[in-house]
Every structure is written in C-alpha cells, then in structure tokens.
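Participant: I'd like to ask you about the structure that follows.
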Amino acid sequence: MGAIKCIGVLTSGGDAPGMNAAIRAVTRAAIYNGLRVKGIYRGYRGLLTDEIKEFKSQNVSNIIQQGGTILKTARCQEFTTPEGRRVAYENMRKEEIDALIIIGGDGSLTGARIFAQEYDVPCIGLPGTIDNDLFGTDSTIGYDTALNTILDAVDKIRDTATSHERLFFVEVMGRDAGFLALNGAIAAGAEAAIIPEYDTKVDQLEEFIKNGFRKSKNSSIVLVAESEITGGAMHYAERVKKEFPEYDVRVTILGHLQRGGRPTAYDRILASRLGAAAIAALMDGQRNVMIGVDHDEVVYVPFSKAIKNDKPLKEDLIHVLRELSI
Ligand code: ADP
C-alpha cells in the first residue's frame, strides 16, 4: 500500500446524533492535511453500488448542528459475504480511495475489521452509536444526546405519573447494554433501572418493589433497557399486573425519538475531536483501530478489543441509583 492520498468516509448501522459532526470533522481535517475525501452513501451498500461523491469543505457546511447523517445509513447484508466485499474493494480501487473511515457501531466495526483483514485497506473506526456499548472509549458519539432526550421525556412522564400516582415502566434503547437505562435513571431521578447486565444475577423487579417502591411516594418511574435479555417494559408491566395488582401500572416505549435531535455540545465536541484524530491516526500509520477517548485523552483501540469486550458498567452507579431513590 502506497501513501494515502484519498480517503472514503461512511456512516453505517444505527444512526446517532453527532454523526454529521464526525463527517464534517473527518472531511475538513483530511482536506486541511492535503488529502482528498469521498463521501460514501448508505454505509457499506454505497461501496457496493458505487454511490460515492467527492467532498469539498462546503459539502459539510452547516451540518454540525443536525441530527441524523447526511451520508445516510443502511444495513448491508451483501457486505457480510466475501463476494460482496470483493465488489466493495473493486469499487474502492476504481474510485482511488486508499483508506476508509467508518462511523458506526459494533456491527459496522466488525465489518471493517474483516474487510481490512481480507484486503490491504487501512480502516479507522469512529464509535457512532447511542448505546455507548463499545469497549475502550468513555463515550460514543450520540450517547450523550440520547441520554438528554430520555431526560426530557422522563421529566414529562413524571408530571403525569405523579398526578395519577402511577408506576411507569419507560423503555429506553441500549441493545444489550444498560448505560442509557442506568444513567438515564440517575439523571431523571427515577426509582430504578432494569438493565441486561444484572438480569441473570437478581430478580430486578422483586428487588425494586422491595427497596424502591414505597407507598409514601406519589409515583414511581423505572427505566427498562430494551433487550431480549430483560424482555422490555411490557414484560415487567405484565408481571406487576399479575404479581402486584395493587399498583396502577403504565408503559411508555420511547423508541426512535431517542435517535433524533440536535447533538449536544458534548457529542459535537467528541465527534469533532475523534474525526480529526482519525485523520491524524491514518497519517501516523495507524491501521485498524477505533478512535476513542479515555480519561479525556484520545486513544487508539484495536477493532478486536472494541468489539469483543463487554464494556463494564460502573458498579458505583448502581449503588448511587439505589441510595438516592429512597
Ligand atoms: P451497528 O454498526 O449499529 O452495530 P449493524 O450491526 O446493523 O449496526 O451493522 C451494520 C453493517 O455492518 C451491517 O449491515 C453489515 O453491512 C456490516 N457488518 C456487520 N457485521 C458484519 C460482519 N460480521 N461481517 C461483515 N460485515 C458486517
């Protein structure tokens, strides 16, 4: 592989607020450092179908404040096959793209890792997911915005929950990670969080009823991480109806509104910093790493580590929630 002259950037998998800020940072940092940039549309699919466009600085003007991704995103089944990846590689060569920057979650970085192993293509990943489930970075792009969206929603639910003296189960995203549920619960002053990381260890509903729900309280809000492991908010509401029929229980599923909205200052700064660091990493000869932040320092995390390791929840946060919800 010769010197890198042109990079391709794509967003893949689930969208997250701040992806645009990352695209902008990658594009401008590349141009600043004398590289050409090509935007690849609809994730890996655009590599296969050759939906690729040269980006100048103006192509990323006025997007830092927008949610979603101007490059669109998609899931691409063909890219999971060797034949599909060959087509992707051939299109890259045709477009004279020497290196790829992939903004996405766990699945997208898994694809990047496999692609980089098969072909001699330098790939750099940026953690773009609201779930915060990538190991090696304190936060992922989009997580802080989603957390703030959850707070807005739960504050509103609290008004009605208190007026009617109800128990609400609010389902939040997070896939198999409880970061949004746990930190959302702490920040919103919720009574409990039901998270996948604890589901096999204790009966979280029983524990909550025992510790958290008190008659003296006007209302209770429990955040439930959407996950096959927990079974989601409906599952817990059904259980309460059967096992504790004295409670007036309701469910709110926040759903896709958690993915949208203007990115917070934190996510914009994170995305800008990581985007610029991705270009610096490529120019520095780094390959096949995800860029993250650890203790407010930029770090390079090998794909294998970022994907394979379960990111641990901070145990002290679980105690904080329990102590403060009495
Ligand atoms: P996310 O990146 O948000 O976790 P997905 O898991 O849907 O989202 O992955 C996004 C895309 O990454 C997939 O549609 C596919 O194109 C690619 N991908 C995921 N897993 C693999 C894999 N094992 N091999 C090759 N490509 C993959």
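The values are calculated or read from the model by the stated rules, or taken from the named source; none is laboratory data. This structure is a prediction, so every number in the text was calculated from the model and none was measured. Every residue, glycine as well, gets a Cβ built from its backbone with ideal geometry; the counts of neighbours run over all protein chains shown. Quick note on the areas: whole protein, heavy atoms, side chains included, nothing else; ligands and nucleic acids left out. Shrake-Rupley method; radii C 1.70, N 1.55, O 1.52, S 1.80 Å.
Participant: List the residue pairs whose Cβ atoms are under 7 Å apart, where the first residue sits in region 49-66 and is among the aromatic types (Phe, Trp, Tyr), the second is open to solvent by less than 60 Å² (accessible area, probe 1.4 Å), and the two are 6 or more positions apart or on different chains.
Facilitator: Every condition considered, the pairs that remain are Phe55/Thr27; Phe55/Val37; Phe55/Lys38; Phe55/Gly39.
Participant: Additional query: Among the residues of region 64-104 satisfying the criterion of being aliphatic (A, V, I, L, M) and open to solvent by 10 Å² or more (accessible area, probe 1.4 Å), which is nearest to Ile141 (Cα to Cα)?
Facilitator: Within region 64-104, the first condition is being aliphatic (A, V, I, L, M), and the residues that meet it are 64, 70-71, 74, 87-88, 92, 97, 99-103.
Pick out the ones that are also open to solvent by 10 Å² or more (accessible area, probe 1.4 Å) and you get 64, 70, 74, 87.
On the way: Ile64: 13, Ile70: 15, Ala74: 17, Val87: 29 Å.
Per the stated criteria, the residue is Ile64.
Participant: Taking region 105-139 only, how many residues are outside any helix (DSSP H, G or I), in contact with a Gly (Cβ under 7 Å, 6 or more places away or on another chain) and of a type in the set (Ser, Thr, Tyr)?
Facilitator: 2
Participant: Return the residue satisfying two criteria in turn: it lies in region 83-111 and is in contact with a Leu (Cβ under 9 Å, 6 or more places away or on another chain) and of a type in the set (Ser, Thr, Tyr), and of such residues it is nearest to the ligand (Cβ to nearest atom).
Facilitator: Ranking the candidates gives Ser108 first.
Participant: Looking at region 264-300 only, could you name the residues that are in contact with a Leu (Cβ under 9 Å, 6 or more places away or on another chain) and either closer than 30 Å to Thr160 by Cα or polar (S, T, N, Q) (or both)?
Facilitator: Correct list: Thr264 only.
Participant: Counting only residues that are out of contact with any strand residue (DSSP E or B) (no Cβ under 7 Å at 6 or more places or on another chain) and modelled with pLDDT of 95 or more, which one in region 118-128 is nearest to Lys305 (Cα to Cα)?
Facilitator: Here the answer is Glu118.
Participant: Can you tell me which residues in region 126-169 are touching a helix residue (DSSP H, G or I) at 6+ places or on another chain (Cβ under 6 Å), of a type in the set (Val, Ile, Thr) and open to solvent by less than 20 Å² (accessible area, probe 1.4 Å)?
Facilitator: Ile130, Ile141, Thr145, Ile150, Val154
Participant: Hey, can you tell me all the residues within region 74-91 that are closer than 11 Å to Tyr44 by Cβ and in a helix (DSSP H, G or I)?
Facilitator: Glu78, Phe79, Thr80, Gly84, Arg85, Val87, Ala88, Asn91 - these are the residues of region 74-91 that are closer than 11 Å to Tyr44 by Cβ and in a helix (DSSP H, G or I).
Participant: Moving on. Within region 300-325, how many residues are among the hydrophobic types (A, V, I, L, M, F, W, C) and over 17 Å from Leu223 (Cβ atoms)? Reasoning before the result, please.
Facilitator: As a first pass, look at region 300-325 and keep what is among the hydrophobic types (A, V, I, L, M, F, W, C): 301, 303, 306-307, 313, 317-318, 320-321, 324.
Those left that are additionally over 17 Å from Leu223 (Cβ atoms): 301, 303, 306-307.
Of the residues in that region, 4 qualify.
Participant: Something else: Could you tell me how many of the residues in region 256-295 are surrounded by fewer than 19 Cβ atoms within 10 Å (Cβ to Cβ), at positive phi and touching a residue at least 12 places away in the same chain (Cβ under 8 Å)?
Facilitator: Qualifying residue count, region 256-295: 2.
Participant: Could you check Ile114 against (1) away from the ligand (no atom under 16 Å from the Cβ); (2) open to solvent by 10 Å² or more (accessible area, probe 1.4 Å) and say which number it fails?
Facilitator: Going through the list (1) away from the ligand (no atom under 16 Å from the Cβ); (2) open to solvent by 10 Å² or more (accessible area, probe 1.4 Å), Ile114 breaks only (1).
Participant: Among the residues of region 220-227, are any at pLDDT below 95, touching a Leu at 6+ places or on another chain (Cβ under 6 Å) and open to solvent by less than 50 Å² (accessible area, probe 1.4 Å)?
Facilitator: yes
Participant: Additional query: Assuming Arg175 fulfils every condition listed in (1) within 16 Å of the ligand (Cβ to nearest atom); (2) modelled with pLDDT of 95 or more; (3) open to solvent by 10 Å² or more (accessible area, probe 1.4 Å) apart from one, which condition is it?
Facilitator: For Arg175, the exception is condition (2).
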